[in-house]
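Each remark here refers to the structure printed beneath this line.
The values are calculated or read from the model by the stated rules, or taken from the named source; none is laboratory data. Keep in mind that what you see is a predicted model, and the values were worked out from it rather than measured. Here the Cβ positions follow ideal geometry from the backbone for every residue, glycine too, while neighbour counts run over all protein chains shown.
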Amino acid sequence: MIPLPNECYHIIFNNFRSDYKNLFSYALVNRQWCRIVIPILWNDPNHHFKDKRLIKIFLLTLNAEEQALLIPFKITLPNQSKPLFEYTSYITSVNNCLDVGIRNFLGYKTGCALENIVKCSLIVMFLRTSKKLRHLSLNEVICNQLIFVSLCENATITSMRLHNISDDFKSKAIDALVKILYKNFTLTSLDLHVE
């Protein structure tokens with residue numbers, strides 16, 4: 001019996017892209033299928049960003065600099081071992097559903113500053129780890145120097161949306177946006193939404 005090449009499996013499993021339950025089952029069949037299915041499952045997890053378990057997995061991927069942002073807020077980071085796969089490397093899009101997941105993770109400790117610092121840490125981590133991140137949605141509250149530096153270093157983002165932009169923010173961020181546009185040759189769409 002001749003085994004199918006991985007490319008054929010990839011085409012077959014891509015047909016189940018929106019059937020997460022079955023894809024997850026396929027990932028458990030064997031290592032070969034798992035290596036093919038995991039990138040498909042994690043390609044666009046935006047609709048799962050609301051799940052606090054997903055936020056815990058993301059927090060396991062933070063490096064020391066990203067974790068340091070959370071220290072003053074006394075956020076307890078998960079103490080499990082790093083995931084088997086670097087799931088964040090497969091993500092292609094990050095939108096505002098992440099806010100809901102962060103609120104669910106924080107539970108009773110919610111507060112605008114706390115939520116924003118967790119989101120900032122996660123966005124910087126996505127920019128560092130995701131080799132396929134193409135679309136990013138940010139609001140002005142979490143846009144800080146660390147995110148701007150990460151955006152300048154990222155070579156995968158093709159479209160970015162900045163929303164809830166105030167006039168005060170526009171004047172502060174214009175230099176940073178110019179640097180991003182100058183250094184990031186892949187960015188083809190920048191959508192600014194003013195309050």
Need the failing condition index for residue 194 against (1) within 30 Å of residue 33 (Cα to Cα); (2) at pLDDT below 85, just the number. (1)
Give the residues of region 65-110 that are charged (D, E, K, R) and either buried (at least 17 other Cβ atoms within 10 Å of the Cβ) or on the phi < 0 side of the Ramachandran plot (or both), sorted by residue number. 65, 66, 82, 86, 99, 103, 109
Scanning region 116-156 for residues that are part of a helix (DSSP H, G or I) and not hydrophobic (A, V, I, L, M, F, W, C), the one surrounded by the most Cβ atoms within 10 Å (Cβ to Cβ) turns out to be 121
Residue selected from region 13-33 under the condition within 26 Å of the chain's Cα centre (by Cα) and aliphatic (A, V, I, L, M), by the criterion surrounded by the fewest Cβ atoms within 10 Å (Cβ to Cβ): 28
Which of the residues spanning region 1-59 are hydroxyl-bearing (Ser, Thr, Tyr) and either in contact with a strand residue (DSSP E or B) (Cβ under 9 Å, 6 or more places away or on another chain) or in contact (Cβ under 8 Å) with a residue 12 or more places away in the chain (or both)? 9, 20, 26
